[in-house]
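The block underneath contains the structure these notes are about, expressed in structure tokens.
The values are calculated or read from the model by the stated rules, or taken from the named source; none is laboratory data. Only a predicted model underlies this, so the values are computations on that prediction, with no experimental measurement involved. No Cβ is skipped: glycine too gets one built from the backbone with ideal geometry, and neighbour counts run over all protein chains shown.
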Amino acid sequence: MEYLTLNRPDVRNAFNEQMIADLTDWAAAINADDDVRVAVVAGAGKVFSAGADIAWMANALNYTHDENVRDANAAARMFAALDTVPIPLVGRIHGAALGGGAGLAAVCDVVVADEDAVFGFTEVKLGILPAVISPYALAKVGRSAARELFLTGMRFNAVRAKEIGLVHAVVPLDQLDAMVVMYVNEFLSGAPDAISTAKALIPRVWTRGTDAAGLTAEAIATRRVSEEGQEGLRAFLEKRKASWDASRKS
């Protein structure tokens, strides 16, 4: 397991060019690292992430259109890289996840939130848009919730975030880490290649719907004859833990 911490607590873990570059590089390195099976994404200090850095936004006032496109493309590449890492990402959300912070939550496969956490796609309050995060936010919350939350920019609580699918578990702050560990153990009990393949399968099936029958048949057939598929069946029949199971369950 790897623990990835947004570590700019003095600015509420706000995004700037350097953080975007660092997260993009981290995602690229994970793609090549077979030893990491799950990662937890957390924020240092009082909040998970309050969105964009004020100094970074101030600089953008003087950018040309082309410079803004370049800047936005860098952020888009970061979200795309994080969304497609071949391992599960568990978001540990406390305090607040606003703007890009809510977008970062949207690219996590599982999100655990402190019951007092606040969320928001707040960009329209600043006269801008939740644009680069919209593919991932829409995939999580759907069009109806997006029409409400993107257009109002209103903040909403963790219970509402769970209702719309942005968050998967809501717990008191003192239980946040225990819930994160529970999910980590679930991921560590599964076959790593199967998990990676299942994660990649989801968007492919989502875009094809019922036309995905051939794709899904090929996918399951391939897994059944794979080393993991064979080991998993044998472990089940022999009533033992599979060789990949690194979970620590009581």
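Yes or no, residue by residue, for (1) more than 29 Å from Asn73 (Cβ to Cβ); (2) in contact with a strand residue (DSSP E or B) (Cβ under 8 Å, 6 or more places away or on another chain); (3) not hydroxyl-bearing (Ser, Thr, Tyr):
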position	(1), (2), (3)
Phe119	no, yes, yes
Leu126	no, no, yes
Arg143	no, no, yes
Leu151	no, no, yes
Ala169	yes, yes, yes
Would you pick out the residues in the stretch 130-153 that are touching a helix residue (DSSP H, G or I) at 6+ places or on another chain (Cβ under 8 Å) and farther than 24 Å from Pro203 by Cα? Leu151, Thr152, Gly153
Residues being under 23 Å from the mean Cα position of the chain (by Cα) and surrounded by fewer than 12 Cβ atoms within 10 Å (Cβ to Cβ) - total across the stretch 210-248: 0
Under 6 Å between Cβ atoms, which residue pairs at least 6 apart in sequence (or on different chains) link something in the stretch 177-192 that is under 15 Å from Gly232 (Cα atoms) with a partner that is of a type in the set (Asp, Glu)? Ser189/Asp245; Ala191/Glu228
Give the residue that is farthest from the chain's Cα centre (by Cα), with candidates limited to residues of the stretch 138-184 that are surrounded by 17 or more Cβ atoms within 10 Å (Cβ to Cβ), closer than 19 Å to Pro86 by Cα and not β-branched (Val, Ile, Thr). Tyr183
I need the helices (runs of 4 or more DSSP H) fully contained in the stretch 1-120, keeping only those with at least 1 residues that are in contact (Cβ under 8 Å) with a residue 60 or more places away in the chain and either surrounded by 13 or more Cβ atoms within 10 Å (Cβ to Cβ) or assigned by TED's automatic domain parsing to the domain that holds Glu163 (or both). 54-60, 65-83, 100-107
